[in-house]
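Scroll down for the structure; my scribbles are underneath it.
The values are calculated or read from the model by the stated rules, or taken from the named source; none is laboratory data. Since this is a predicted model, take the numbers as computed values, not measurements. Methodologically, a virtual Cβ is constructed for each residue, glycine included, from the backbone with ideal geometry; neighbour enumeration extends over all protein chains shown. All accessible areas refer to the heavy atoms of the entire protein, side chains included, with ligands and DNA or RNA removed. Shrake-Rupley method; radii C 1.70, N 1.55, O 1.52, S 1.80 Å.
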Amino acid sequence: MKMNVITLCMLFHSSLGFFNIQHIASDTLTLLPKGFSPAVKDIVEGIPSTALTIVRGNSTNIRSSDIFELICLLYENNIQVINLDLTTTDNKAIFFSFLKEGLDTSNERTSLILCRPLECENLLSELTENNFIHRTILYMFYWSDGDISSKFRQTLKEAMRVTVITNPREGVFRIYYNQATPNRLHHLSLVNWWSGKLYKSPLLPSANVVYNNFQGRVFDVPVLHAPPWHFVKFNNKSTIEVKGGRDDKLLSLIAKRLNFRYQYYDPPDRSQGSSISGNGTFKGTLGLIWKRKADFFIGDVTITWERLQAVEFSFVTLADSGAFLTHAPAKLSETLAIIRPFRWEVWPLVCATLIVTGPALWFVIAAPSFWQNRHQDQLRLFSKCCWFTTTLFLRQSSSKEPSSTHKARLVAILISLGTTYVIGDMYSANLTSLLARPAREQPIGTLEALEEAMRDRKYELVVERHSSSLTILENGTGVYGRLAKLMRRQKLQRVRSIEVGVRLVLAHKKIAVFGGRETLFYDTERFGSHNFHLSEKLYTRYSAIALQIGSPYLETFNNVIMNLFEAGIIAKMTKDEYKKLPEQSRRSDPVTESDKINVDVTGDSAVTSQAQTESTIGLEPLSLVMLRGAFCLLGIGHFVAALVLAVEIQTYRRSHVLEIEENSTNKLSKQKAARRFKKLVKIKFRKLLRSLYNQIDTALGPV
């Protein structure tokens, strides 16, 4: 029966792939303390855990029979066991990869480490350097000799769950735990002991109970100037002063609820941090948390996959959207306002209608004369019809109809109604509305429009350095990737904060800033909303408190934040920040179409639903400046009329000169003809006289 149990244990550990039979067969190791095996069994059950990794270091000197007894006892109580030794580098790599797998999959890992105190100190340092720290990983060190050293205590990180088992006397084991007190770091507190059985169960105190009251602990919290979340004033003496903000109020409420205090400090790199770079560095305040130099950071910190590799996030403190901000569209030229009531596609149709109606009226009037063979001056009639329809379109009075027939009058009435009530009134109404609210350029509201503006109109896009928005542009595909490619040709790509970017947009018309929509919206309200245009919502982004990976008080923070969120207190604090803005900088008009839809559905104002007074920005009284287009058109009309008059005068003069010349030419030709005729008559008369004289002379002469 005993051999069967041994065979089953060997088969079980060989199936796990970590069992080393040489240590089972060896008889050179020393004894474990009396009662160690049942104590470990009760300790593991009191955690509670269903699996245990037994790790033996190079300094262990434990008999294989004792290890075998411990393994079999755990196996009989349905506790899976993995047996490892750290005698070689490969075995240590296997242990570290096993812990890494637990971090990646969030599976629980409980390790019992059996080695001498000096090796315990070194192994703890290696685990800390490799950042094998999480709330799902528990390290149990067996401290065989004397008191726990100060070096071992100083190496402990608060997020690292470490228990130390000591054997002060025979049959008694004490359990020390580093997460038993909320306000003492590098400290191991006695939480339980075993003397035949555990003093209490569960073995370790719950983190929710321990960190429900921090007992006045002081946290050093990095802070960034990012209105409306934090308003930070930088003094000359390298000190900062926080003037308020939504997240400052939120942290104050959390601190009051959990009984801790906090001190703000200016981080070395005044940025949030985006991701772990290729050389293994992480800049910004999130990098401080990743290096465990800061406990947590509260602000407009967006949750991204890249940041989740370095920090953990609490329950969301803000549901926001990505957006970009551009300068407000400039007013279009008021000189061209007279042609703007109709789109350019309409004007060719209006001109075609004007050209067609004259011939159409002429055809209706002249058609009967073609089949009745009546003589009529068609050219004169065509001219009258064209001028009559032109006066109708120009809304001039005309009592001279081209024809008095009923059909001609009916067509004239239809044309008059169409020009007056369809084209004329619609044009007049649109022109009046455009003059009352001057037209502006087409706003840039989508990423495609921004891409086109950057490519064709030399717009530039800036983004906050080490921010989630920068990560989206750098790692994004499609239009995000194309925008990032266009940004590389700019001299200025990144700014220190969103506020700096908004000031750049205010000063330069061809700059856009990319970031969180709530932050951009607040800054537009601060600097005058009529100066900016906020784009549509691009994607959903969530902000939360960033904490160290494995932070023991994450769940405690979550409970407080969820209670505040469900009670509407966080939303109320956000609204209060907008109410602090001056009355003249608030806006009642939604910035985009999605805001208008939100107003119609919820009945609240855009984005933050804060109460706002009615704004008159954009409504201006009519002035002669707005009517200069009409005066320009009138001037063009006068110029054309003068030009036509000049042409007519020149034409008349030329025609008159030609007529005079023609008349003079005709007169000269007639005079010449008369002279020729007179001369011819004289010649003929002379010939006749000569002939008559010859005949008389012949008749009277001698026979």
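Collect the residues in the stretch 539-567 that are acidic (Asp, Glu) and touching a helix residue (DSSP H, G or I) at 6+ places or on another chain (Cβ under 7 Å), keeping them in residue-number order.
GLU555
Kindly evaluate PHE315 against the criterion of being farther than 24 Å from LYS283 by Cβ and either in contact with a Cys (Cβ under 8 Å, 6 or more places away or on another chain) or at pLDDT 85 or above (or both).
So PHE315 fits the description; yes.
How many of the residues in the stretch 521-538 are outside any helix (DSSP H, G or I) and out of contact with any helix residue (DSSP H, G or I) (no Cβ under 8 Å at 6 or more places or on another chain)?
So the answer is 1.
Just for the stretch 111-144: of the residues that are open to solvent by 10 Å² or more (accessible area, probe 1.4 Å) and among the hydroxyl-bearing types (Ser, Thr, Tyr), which one is farthest from LYS293 (Cα to Cα)?
If we take residues in the stretch 111-144 being open to solvent by 10 Å² or more (accessible area, probe 1.4 Å) and among the hydroxyl-bearing types (Ser, Thr, Tyr), then SER144 is farthest from LYS293 (Cα to Cα).
Please determine, by comparing only the residues of the stretch 280-315 that are hydroxyl-bearing (Ser, Thr, Tyr) and outside any loop (DSSP other than H, G, I, E, B), which one is farthest from ASP104 (Cα to Cα).
THR285
I'd like the full set of residues that are open to solvent by less than 70 Å² (accessible area, probe 1.4 Å), assigned to a helix (DSSP H, G or I) and not hydrophobic (A, V, I, L, M, F, W, C), limited to the stretch 467-500.
SER468, SER469, THR471, TYR480, GLY481, GLU499
For the stretch 501-518, which residues satisfy the criterion of being open to solvent by 10 Å² or more (accessible area, probe 1.4 Å) and either more than 16 Å from the chain's Cα centre (by Cα) or over 16 Å from GLU452 (Cα atoms) (or both)?
ARG503, LEU504, LEU506, ALA507, HIS508, LYS509, LYS510, GLU518
So how many residues does the stretch 456-466 have that are under 17 Å from ILE511 (Cβ atoms), of a type outside the set (Phe, Trp, Tyr) and buried (at least 19 other Cβ atoms within 10 Å of the Cβ)?
6
Within the set of pairs 6+ apart or on separate chains, which have a first residue in the stretch 199-212 that is farther than 17 Å from ASN183 by Cα, a second that is assigned to a loop (DSSP other than H, G, I, E, B) and open to solvent by 70 Å² or more (accessible area, probe 1.4 Å), and C-beta atoms under 7 Å apart?
Taking only residues 6 or more apart or on different chains, the pairs are PRO202/PRO48.
Here are some conditions: (1) at pLDDT below 85; (2) part of a helix (DSSP H, G or I); (3) in contact with a helix residue (DSSP H, G or I) (Cβ under 9 Å, 6 or more places away or on another chain); (4) not hydrophobic (A, V, I, L, M, F, W, C). SER15 meets all but one. Which one does it not meet?
Every listed condition holds for SER15 apart from (3).
Scanning the stretch 287-331 for residues that are crowded, with 18+ Cβ neighbours inside 10 Å and among the acidic types (Asp, Glu), which turns out farthest from THR519 (Cα to Cα)?
Out of the qualifying residues, it is ASP295.
Across the stretch 149-177, what is the number of residues that are farther than 20 Å from SER195 by Cβ, touching a residue at least 12 places away in the same chain (Cβ under 8 Å) and open to solvent by 10 Å² or more (accessible area, probe 1.4 Å)?
8
Yes/no matrix, rows are residues, columns are (1) of a type outside the set (D, E, K, R); (2) touching a residue at least 40 places away in the same chain (Cβ under 8 Å); (3) over 30 Å from ASN558 (Cα atoms):
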| residue | (1), (2), (3) |
| --- | --- |
| TYR427 | yes, yes, yes |
| THR432 | yes, no, yes |
| GLN442 | yes, yes, yes |
| LEU492 | yes, no, yes |
| VAL495 | yes, no, yes |
| ARG517 | no, yes, no |
| THR540 | yes, yes, no |
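Can you tell me which of (1) surrounded by fewer than 22 Cβ atoms within 10 Å (Cβ to Cβ); (2) in a loop (DSSP other than H, G, I, E, B); (3) within 56 Å of the chain's Cα centre (by Cα); (4) not basic (Lys, Arg) is the one GLY196 doesn't meet?
Answer for GLY196: the failing condition is (3).
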